[in-house]
Amino acid sequence: MSATPKPRKIIPIEPQPQSMYKSEPKVYPRSITGLFQNWRWIMAWLTQIVFYGLCWLPWNGRQAVLFDLDRRRFFIFDFVLWPQDTIYLAILLVLSALALFLFTAVAGRLWCGYTCPQTVYTEIFLWIEKKIEGERPQRMKLDAGPWTRNKLVRKCVKHSLWIVFSLWTGFTFVGYFTPIRDLMAAIADFSIGPWDIFWILFYGGFTYGFAGFLREQMCKYICPYARFQFVMFDADTLIITYDEARGEPRGGRAKTAEPAKLGLGDCIDCGICVQVCPTGIDIRNGLQAECIACAACIDACDQVMDKMNYPRGLIRYSTENALKHELSTREILRRTYRPRTLVYSLAFIVLTLATAWSLTTRMPLRVDVQRDRATLAREVDGGMIENVYRLQISNASEQPHRYRVAVEGLAGIHLNDDSHDQLTIAGADSAEITVRVQVEADSTSKGAHPIRFHVENSDDPAIMINEKTKFWMP
């Protein structure tokens, strides 16, 4: 007869808190040279020359590009845009979206790798960091070591340069909304306004934080483009690829060794492609959302292949179909012309041409008519019926012009005086006038009747606008 087992004592286990955030190590990109790195710096120089220089370019007595919110005018070279021209802003957004779809479908994330402000400013901040703290091993050693005088000095110099660059970036950004020469003079005599100070610090602070600290975190977690890019990819999209069939199995070997005899591929597993990546990924694991297509891994791998006397292109720009079917460069280019890219291209070209035609042929005159809401109609001396209107006339050119105002649409309709027969408006300015329109009491039936205000440029009769409204007969 077996003994009765003793009951086991149950010891409750305290639940351990689980962190919802995975801390990632800091990425220390290694310096690299090569064809694609040169192109990245060329694009960085071009974009920053445009950004920092365009607001200083004089044009018709003002800066070439100015979004004057106080006067509600947008000056873009010879074009003067008004709030009524917001349709062009909508068209610009549509064109930007089409361009993004087209370039992504053809060549992946080229925008991210070469011209995105986050990428460009991170590259500039990294360049400053390398000049102050040294290359990748020195920076890693400096950060891991204790705080010494040398470390404190280097960190202070680096962050001081970052802050100066960020503030200059914020100042330039505000200079597109406040005339930059006036802004500079206001800073020099300490009369700058609070809103200008706020936006300089706001934009400069974001530049400092994003490019100095967040860096790859912006591309991995914050930027939405990284998340929906794959929707625009297909098997013929040009992406950065690792030729697994050629590179695997990877492994170290002597320079003089023959990989085939060792049962190895061309990848020597040096890890340099990971060290140069600004987001810290391993491209050998396949296409990843964190890849910004900067091609630093291509330059790094090509240099290793040169040293090993292996053919270049173990990591290269290619497509999924090209790797799968071993397509030639000509076949890859021919597959660029496919229904998706052709539709994007056609829509982009048609909308661009239509917008260009609209801008070049648009009337440099704006007229807005509003009725006097206090009185619909009134009888005045002489048995006349009078309606009162407010006309806002905007000169959309940068030269002063004289304008003639007339009214038509009913028998005997006229303005009660000729004081607005020669109205002069300065360039890129507007004027609001009040006009009284009269007709004889028995000239038409009761109710609302359509009429037109005819506004004509006295210097160029081809510039004219007919604006419709209603005349009310009691």
Scan the range 422-453 residue by residue and report those that are over 30 Å from PHE67 (Cβ atoms) and either touching a Pro at 6+ places or on another chain (Cβ under 7 Å) or not in a strand (DSSP E or B) (or both).
-> GLN422, ALA441, ASP442, SER443, THR444, SER445, LYS446
Scanning the range 219-238 for residues that are crowded, with 19+ Cβ neighbours inside 10 Å and at pLDDT 90 or above gives ASP236, THR237, LEU238
The range 142-201: number of residues that are under 30 Å from LYS26 (Cα atoms), touching a helix residue (DSSP H, G or I) at 6+ places or on another chain (Cβ under 7 Å) and of a type in the set (S, T, N, Q) = 2
Is it true that some residue in the range 110-117 is surrounded by fewer than 17 Cβ atoms within 10 Å (Cβ to Cβ), in a helix (DSSP H, G or I) and of a type in the set (A, V, I, L, M)?
-> no
When the residues of the range 373-399 are filtered to those that are touching a residue at least 40 places away in the same chain (Cβ under 8 Å) and of a type in the set (Asp, Glu), which remaining residue is surrounded by the most Cβ atoms within 10 Å (Cβ to Cβ)?
-> GLU398
Taking the range 276-288 and keeping only residues that are more than 16 Å from GLU216 (Cα to Cα) and either among the aliphatic types (A, V, I, L, M) or assigned to a helix (DSSP H, G or I) (or both), one is left with ARG284, ASN285, LEU287
Can you give me the ranges of the helices (runs of 4 or more DSSP H) entirely in the range 190-260 with at least 1 residues that are without any contact (Cβ under 8 Å) to a residue 24 or more places away in the chain and under 21 Å from the mean Cα position of the chain (by Cα)?
-> 194-209, 225-228
Scanning the range 292-317 for residues that are assigned to a loop (DSSP other than H, G, I, E, B) and touching a helix residue (DSSP H, G or I) at 6+ places or on another chain (Cβ under 7 Å) gives ILE292, ALA293, CYS294, ALA295, PRO311, ARG312, LEU314
Go through (1) at pLDDT below 95; (2) at negative phi and name the single condition VAL304 misses.
-> (1)
Assess whether TRP56 counts as being assigned to a loop (DSSP other than H, G, I, E, B) and either touching a Leu at 6+ places or on another chain (Cβ under 9 Å) or modelled with pLDDT of 90 or more (or both).
-> yes
GLU326 fails exactly one of the following numbered conditions: (1) in contact (Cβ under 8 Å) with a residue 60 or more places away in the chain; (2) of a type in the set (D, E, K, R); (3) surrounded by fewer than 19 Cβ atoms within 10 Å (Cβ to Cβ). What is the number of that condition?
-> (1)
Kindly establish whether LEU376 is farther than 26 Å from ILE91 by Cβ and in a loop (DSSP other than H, G, I, E, B).
-> yes
Before we move on, is THR178 β-branched (Val, Ile, Thr), within 20 Å of the chain's Cα centre (by Cα) and in a loop (DSSP other than H, G, I, E, B)?
-> yes
Between a first residue in the range 299-310 that is more than 12 Å from ILE32 (Cα to Cα) and a second residue that is in a helix (DSSP H, G or I) and of a type in the set (D, E, K, R), which pairs have beta carbons less than 7 Å apart while being 6 or more apart in sequence or on different chains?
-> none
Qualifying residues in the range 439-462 (those that are surrounded by 11 or more Cβ atoms within 10 Å (Cβ to Cβ) and farther than 13 Å from GLY409 by Cβ) - the one modelled with the lowest pLDDT | ASP459
Taking only the range 337-372 into account, find how many residues are in a loop (DSSP other than H, G, I, E, B) and either farther than 18 Å from ALA99 by Cβ or aliphatic (A, V, I, L, M) (or both).
-> 4
Before we move on, is ARG330 over 28 Å from GLY34 (Cα atoms) and of a type in the set (D, E, K, R)?
-> no
Breaking point among (1) over 20 Å from PRO278 (Cβ atoms); (2) in contact with a strand residue (DSSP E or B) (Cβ under 7 Å, 6 or more places away or on another chain), for ALA188 = (2)
PRO364, sole failed condition from (1) farther than 21 Å from GLU467 by Cα; (2) modelled with pLDDT under 90; (3) not aliphatic (A, V, I, L, M) | (1)
Would you check if CYS273 is buried (at least 20 other Cβ atoms within 10 Å of the Cβ), part of a loop (DSSP other than H, G, I, E, B) and either touching a strand residue (DSSP E or B) at 6+ places or on another chain (Cβ under 8 Å) or modelled with pLDDT under 95 (or both)?
-> no
Unique residue being in contact with an Asp or Glu (Cβ under 8 Å, 6 or more places away or on another chain), among the small types (Gly, Ala, Ser) and not in a loop (DSSP other than H, G, I, E, B) when the list is ALA99, ALA105, ALA90 | ALA105
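The values are calculated or read from the model by the stated rules, or taken from the named source; none is laboratory data. All figures in this text were calculated on a predicted structure; none of them were measured in a lab. In this analysis, Cβ positions are derived from the backbone assuming ideal geometry, glycine residues included, and neighbour counts consider all displayed protein chains.
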